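> Sharing a structure here in structure tokens format.
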Amino acid sequence: MADTTFATGSAQAVKIYSALTFKEALEKTYINKFLGKKADDTNAVIVRKDDLEKSAGELIYYDLLMAATGAGVKGDNEIEDYEEEMTYHQDSVYIDQLRNAHSWRRMGQQRTLHNLRTDARANLSSWFARKYDEYMFRYLCGDTTINHGQAGTAPDSDHYIVCGDVTHTGTIATDEGNLSNNDQIALADLDFAKEKAKNVDPMVPPLMIDGEEMYIVVLHDYSATDLRLNVASSSYTTWETIQKYAAVRGSKNPLFTNALGVYRNMILYESNRIYSPVSNVRRNLLLGAQAGVFAVGSAYDKVDEKAYGKLPMSWAEYSRDAGNKKGVAVGCIFGMKKCVFNSKDYGTMVLTAYAAQH
């Protein structure tokens, strides 16, 4: 039976390779484990907003419904006139286009068109995966130099702690300038961050995982080593104890897979994607529900949508120089940011620490 083939630039090829490239890009990301598996899943570290009616430069709005705090009505007392008003805060994210491409010339083409498509898809999906990870971590860590649709914002005074003996001034950049080689992260800093996350107003909402309230902690590799060294000198717990709980849970819930361990209902990970604002300083993260948002719009304009449909990623095969040069271009219209409601960071707590290579 002959294989089905599609002509260069055909609508069928565009639909297939667009969807596959986007799917593969997400699967390759570090953040995929934290991403809501369906749109608007609020029990996820990163809320996914799929709005294929939107295009580049447009705003996508999303709401946070605050937790009910009223006393309620007991017994047979009348409920009318005692209803609790629902309180919403709104945030928004701009989406913008990001593209990359590969091209090749006829004399250098040693592979079939099918293989070149496959190689381009694999390479470009990996490139997008790295960009998605880079952008999201920079936004969550409060990098003010990133701007994809919107500029990143520094952690507000209530949503960061300083590791070591540095005084918390309320301005993270000032405090980071005072960090020295005695201010590495320690086990107690995880306790301080969780305590602050649960008591700040509004609290950093925990994730509900298998019926338990949990937080995610992502440490830079250097800080992860510092934490291990600190635990080694602690009489409170051992690193083996921290690791054991994650290993048991990992077989039942993929969120525990590849975790360093679990400490007081905080699932610990390490990643070299953690942002460094200045030399030897890393902004480690404690994350709860709705810490960030990943919004995707339509990769095609209204005219092209008639041929290709509403797709999250564009796939364009092109030819130049009388067919001597061919290429594949891939694009995605998306936006990312940390969630900010009522002018406060919502699901993030930064643990800024001195962290140098060992």
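Bear in mind that the values in this text are calculations on the coordinates, not laboratory data. What you are looking at is a predicted structure, and each value in this text was computed from that prediction instead of being measured. As a convention, Cβ positions derive from the backbone with ideal geometry for all residues, glycine included, and neighbour counts pool all protein chains shown.
> Please list, or write none, the aspartates and glutamates whose alpha carbon is within less than 16 Å of the alpha carbon of K325, excluding same-chain residues fewer than 8 places away.
E317
> While we're on this one: Test of understanding: ordering I161, I16 by Cβ neighbours within 10 Å, fewest first, what list do you get?
So the residues, fewest neighbours to most, are I16, I161.
> Another question about this same structure. Would you mind calculating the relative contact order of the stretch 115-202 from Cα pairs under 8 angstrom and at least 6 residues apart, reporting the percent as a whole number?
Relative contact order of the stretch 115-202: 17 percent.
> Please find, in a Gaussian network model of the chain (springs between Cα atoms separated by less than 10 Å), the residue of G331, G309, G36 whose mean-square fluctuation is greatest.
The residue with the greatest mean-square fluctuation here is G309.
> With n ≥ 4 as the cut-off for DSSP H runs, can you work out [θ] at 222 nm for the chain, using -39500 (n - 2.57) per run divided by the number of residues, rounded to the nearest 500?
-8500 deg cm²/dmol
> May I ask you to give the average projected area over all directions of the convex hull of the Cα atoms of the stretch 305-355, in nm² rounded to one decimal?
Approximately 8.8 nm², given one-decimal rounding.
> Right, next: Order of H89, H148, H358 from fewest to most other C-beta atoms within 10 Å?
Taking fewest neighbouring Cβ atoms as first place, the list is H358, H89, H148.
> Give the aspartates and glutamates reachable from K49 as a straight Cα distance under 15 Å; neighbours fewer than 8 places away on the same chain don't count.
Answer for K49, where 15 Å is the Cα cut-off: D40, D41, E58, D63, D91, D96, listed by chain and number.
> Using label points projected 7 Å from each Cα along Cα→Cβ, tell me how many nm separate I16 and K344, to one decimal.
Once both label points are built, they end up 5.2 nm from each other.
> Please build a GNM for the chain, connecting alpha carbons under 10 Å apart, and tell me which residue among S223, S157, S314 fluctuates the most.
Judging by the Gaussian network model, the answer is S157.
> Between I216, I274, I242, where does the largest GNM mean-square fluctuation fall for the chain, given springs only between Cα atoms within less than 10 Å?
Result for the chain, Cα springs under 10 Å: I242 fluctuates most.
> List the pair-distance distribution P(r) of the stretch 174-291, using every Cα-Cα distance, as the percent of pairs falling in each 5 Å bin from 0 up to the bin containing the longest distance, rounded to whole percents.
Reading upward from the zero bin: 2, 11, 20, 23, 21, 15, 6, 2, 0.
> Continuing with this model, one more query. If I take R0 = 51 Å and measure r between the Cβ atoms of R320 and T144 in this structure, what FRET efficiency does the formula 1/(1 + (r/R0)^6) give, to the nearest 0.05?
Given R0 = 51 Å and the Cβ-Cβ separation, E is 0.80.
> Taking every pair of distinct Cα atoms and averaging 1/r, then inverting, what Kirkwood hydrodynamic radius in Å comes out for the stretch 169-208?
12.1
> Going by the alpha-carbon gyration tensor, a ≥ b ≥ c the square roots of its eigenvalues, is the stretch 138-238 rounded (a/c under 1.5) or, if a/c is not under 1.5, prolate (a/b greater than b/c) versus oblate?
It comes out oblate by the Cα gyration axes.
> While we're looking at this one, here's another question. Counting C-alpha atoms alone, how compact is the chain: give Rg to one decimal and Dmax as a whole number, in angstrom.
Spelled out, the Cα radius of gyration and Dmax of the chain are 23.4, 85 Å.
> Just to be sure I understand the rule: take each whole DSSP H helix in the chain, project its Cα atoms onto its long axis, keep it if the span is 18 Å or more and its mean Kyte-Doolittle hydropathy is at least -1.0. Which ones pass?
Answer set is 11-28, 113-141, 187-199.
> Continuing with this model, one more query. State, to one decimal in nm, how far the label point of R228 lies from the label point of D165, with both points 7 Å from Cα in the Cβ direction.
2.7
> For the cross-link pairs K194/K338; K310/K337; K28/K196; K23/K344; K23/K131; K38/K326, which exceed 26 Å when the distance is taken from alpha carbon to alpha carbon?
Distance filter (> 26 Å) returns K28/K196; K23/K344; K38/K326.
> How high is the relative contact order of the chain, in percent, with contacts defined as C-alpha pairs under 8 Å that are six or more residues apart?
28 percent.
> Mind checking the full-extension length gain between A68 and K310? Use 0.36 nm per residue of separation minus the Cα-Cα distance, one decimal, nm.
So the chain would gain 83.4 nm between A68 and K310.
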